[in-house]
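One structure is given below, encoded as structure tokens.
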């Protein structure tokens with residue numbers, strides 16, 4: 001029993017550390033290589049969806065809340081819609097993967113694409129609330145398109161990370177990689 005609790009704690013600690021590293025990477029390290037006008041990488045969204053698809057609603061939803069708080073605090077917005085949105089994305093990934101128990105990677109990709117489009121809508125809401133009247137085509141070009149393209153690039157990389165982060169918990173349940181993939 002203590003071994004199971006230790007493995008859960010290890011998996012949670014790895015998720016917390018990975019969330020901090022992903023937040024640091026997407027806010028300070030990666031913008032040095034990618035101009036914000038062209039690509040905005042949302043690693044935390046992809047990780048929330050990956051953890052929901054790999055392990056279930058608790059990992060996806062709770063990491064989504066954590067990731068949203070990290071993203072908001074790193075960007076200086078304060079607490080806003082992102083924790084709720086990321087939580088819903090992590091939970092949605094679990095629901096989709098439970099309803100259709102076939103190839104989880106394909107389902108993860110499909111769910112992540114829907115969540116990326118939703119993230120673009122949330123960004124439009126942020127821009128409209130903070131800046132007032134801005135031409136919608138400019139918002140689509142300078143806000144939505146960089147978020148969609150940048151996050152689609154890193155989307156396939158987040159699923160193996162989600163598998164690694166949930167490996168100690170899956171070890172408890174003796175799930176093989178074949179069942180998850």
What angle, in degrees between 0 and 90 and rounded to the nearest 10, separates the Cα long axis of helix 82-99 from the longest principal axis of the Cα atoms of the chain? 50 degrees
Report the calculated FRET efficiency for residue 125 and residue 103 (r = Cβ-Cβ distance, R0 = 30 Å), to the nearest 0.05. 0.35
Taking 111, 151, 27 and counting other beta carbon atoms within 10 angstrom, the fewest-first order is 27, 111, 151
So for the pair residue 133, residue 2, with labels modelled 7 Å out along Cα→Cβ, what separation do we get in nm? 6.9 nm
Hey, could you pull the Cα Rg and Dmax for the stretch 71-148, both in Å? 14.7, 45
Likely footprinting exposure, 86, 91, 159, fewest C-beta neighbours within 10 Å first: 91, 159, 86
Descending Cα extents along the principal axes, the chain, whole Å: 57, 31, 28
Would you mind computing, in nm to one decimal, how far apart the modelled labels at residue 28 and residue 84 are, each placed 7 Å from Cα along Cα→Cβ? 3.0 nm
Rounding to the nearest 10 and keeping the result within 0 to 90°, find how far the Cα-based axis of helix 57-75 lies from the longest principal axis of the chain. 30 degrees
If I build a Gaussian network model for the chain, linking alpha-carbon pairs within less than 10 angstrom, which residue out of 21, 41, 92 has the largest mean-square fluctuation? 21
FRET efficiency, residue 14 to residue 153 (Cβ-Cβ, R0 22 Å, nearest 0.05): 0.40
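All of the numbers you see were taken from the coordinates with simple rules; none came from a lab. Quick caveat: nothing in here was measured; it's all calculated off a predicted structure. All Cβ positions, even for glycine, are placed from backbone atoms using ideal geometry, and neighbour counts span all protein chains on display.
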